[in-house]
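Notes to accompany the following structure.
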Amino acid sequence: MFPREFAWGAATAAYQIEGGWQADGKGPNIWDTFCHEKGRVFEEHNGDVACNSYELWEKDLECIQQLGLTHYRLSLSWARLLPDGTTSHVNQKGVQYYNKVIDDLLACNVSPMVTLYHLDLPQALQGQGGWKSPDIATLFDSYAKFCFQTFGDRVKLWITINEPYVCAKLGHEDGIHAPGLKEPGIAAYLVGHNMLRAHAMAWHSYNSFYRTKQKGAVSLAFNSDWLEPLNAGCTEDIAATERYFAFTLGWFAWPVFVTGDYPELMRSAIDAQSKKTGCSGSSRLPSFSKDEPAILGTADFFALNYYTSRKVKAGGGCGKMCMVSDQDAEVVLDPSWPICGVSWLAVVPHGLRKLLKYIKDTFNNPAVYITENGFSQVGPLQIEDVQRSGFYKDTILEVAKAIQEDEVNVRGYFAWSLLDNFEWADGFSVRFGLFHVDFADAKRSRTIYQSGREYAKIISKYKCGQSKEKTE
Ligand code: GBH
């Protein structure tokens, strides 16, 4: 049912779990700063301690083993390794921490997938303009080379940047993520552009200097919803859906997988809008320079974070869950797709299968890792989280169908998340873990949810292609 080498994983991110925000020479990052400002995050929560994985890594490893994972996706804290963001000073304590994590995983037969950047820019680099500054690309490239050099003998799966869309839009347009900028229609495009440049440089560095020896694979992780026109027969809704795809997944996946440049729909809309509103004739969407490393072909696999599905309706302007002002489409929630947990997450397992097929057809049948997928609980805590258990069962069945019936080349599935953790602007009020974490307890004790037991069952059933149907 699943290929023999299929990766069964769970994912986390440094700022969301580690804590130790000032431990052993770590530098501050933009989430440290953001959370310490009043009114940014739910009830002024912060990641100062979080799950305290910086001190409690061994507890995380026990959770990983209890689930029977073959892979674990973690992210590195840039400022823990390079406190001011540059390689002029390396924090050896940070190197030791990640060395131990990686070595412990391998000793337990678990392969690490390592993300270099999951929203936590060193504060010192934000002071120099952060992702809005073109210089960030070479700074990121140096950091990436440092990581390949230091950990690449053991890490074979790399994600450069997690969800450039989220960083660009939520951090620089909506201001609900760090660094909290609200510069609609301008900053997000600049940031997205520099993230693509940074990613491409890092991929080329790996390709030129490390690939032959280390034999790993490098990509970047896109977030995408599955999108359908509200009225299947309505041409305007169909066009609005295409625009919506272009302005979200296409914004980043098109340059990397299809043309080396932005989707035409995005380019033409932003160019036209820029002209109309002044901007001295130049487009708010930057152009790639021919003198820099090419963007096209800079992904060795397709990494997808999937959470939810949406119906799209034409011409509504922009709602809360919609892209930059240039996009012009309205998203509606289909009442048959229930919202559970957080307000943005309609639970639609079959949307994942459809999205996988769309990716196969649109991006030339790449190898795909589902690098995040999950569903949260809010409010009264349920350790016996029946609904979430069912969600994992249903979703993994959809992945199986995508592989078997649609012949999508899916290589792995990572549940978000191993642990309840710091859920960005929602603080600790939203729980995505397979393990419950008691944030009132100094020991941050971890307890498996029913959904965690369910996932462990699924893994043991399918691991190593040993499903009963196939082997007997
Ligand atoms: C992932 O993003 C992140 O990679 C991960 O760190 C995070 O913990 C996980 O999701 C769960 O949230 O509030 O209406 O503006 C998923 C993509 C895009 C989903 C932005 C939430 C916010 C919608 N996210 N979206 S709204």
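Quick note: the coordinates plus some simple rules give every number you see, no bench work behind them. Keep in mind that this is a model prediction, so the values were computed, not measured. Using ideal geometry, Cβ is built from the backbone for each residue, glycine included, and neighbour counts are taken over all protein chains shown.
Data for the structure
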item: Any hit, the stretch 276-284, residues being touching a residue at least 40 places away in the same chain (Cβ under 8 Å) and either within 16 Å of the ligand (Cβ to nearest atom) or not charged (D, E, K, R) (or both); result: no
item: Elements of type helices (runs of 4 or more DSSP H) contained in the stretch 380-472, each with 3 or more residues being within 25 Å of the chain's Cα centre (by Cα); result: 386-404, 450-462
item: All helices (runs of 4 or more DSSP H) inside the stretch 19-131 with 3 or more residues being surrounded by fewer than 21 Cβ atoms within 10 Å (Cβ to Cβ); result: 53-67, 92-107
item: Among residues of the stretch 342-372, those that are within 13 Å of the ligand (Cβ to nearest atom), touching a residue at least 40 places away in the same chain (Cβ under 8 Å) and either more than 28 Å from Val218 (Cα to Cα) or among the polar types (S, T, N, Q) (or both), counted; result: 2
item: Residue that is surrounded by the fewest Cβ atoms within 10 Å (Cβ to Cβ), among those in the stretch 373-384 that are within 16 Å of the ligand (Cβ to nearest atom) and over 16 Å from Ile459 (Cα atoms); result: Val378
